[in-house]
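This report concerns only the one structure given below.
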């Protein structure tokens, strides 16, 4: 039996979809305009910058970026062309590859970060009270914990 959304759930669902799409579009526009990169590339650079030795297995990076292996491979190829990332073979597993953040990639990330953070603040947090930020954190954690493997 289908559990249809009631009117309040339907309003909430549609509001959630619109809000997340608008925030993502605003972040992507800002990064494209100010840093010449899509939000996806920024998130890859962030993940690598936070990894030990700025290195991460491609499969792990794909999971972290919530991307398919092929989509991530394409993005990493574009980042390699810019000199921001390089691939490195895994010595213990001949089939595996690592993505490594280069110094130029870290510099590009550092240059993009202030504008990105300001856009995150403008697009999301400036519209919320501190209490709403706490509620949003709880809601997002509950949804993530339900869906993450």
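Each value in this text was obtained by applying a stated rule to the coordinates, not by laboratory testing. Just so it is clear, the structure is predicted and the values come from calculations on it, not from any experiment. Neighbour counts are summed over all protein chains in view; Cβ atoms, including those assigned to glycine, are modelled from backbone coordinates with ideal geometry.
Considering each of 28, 34 in turn, give the residue that is closer than 25 Å to residue 148 by Cβ and in contact with a helix residue (DSSP H, G or I) (Cβ under 8 Å, 6 or more places away or on another chain). Of 28, 34, the one residue that is closer than 25 Å to residue 148 by Cβ and in contact with a helix residue (DSSP H, G or I) (Cβ under 8 Å, 6 or more places away or on another chain) is 28.
Here residue 136 clears all of (1) assigned to a loop (DSSP other than H, G, I, E, B); (2) surrounded by 12 or more Cβ atoms within 10 Å (Cβ to Cβ); (3) free of Cβ contacts under 8 Å to residues at least 12 places away in the same chain except the condition numbered (1).
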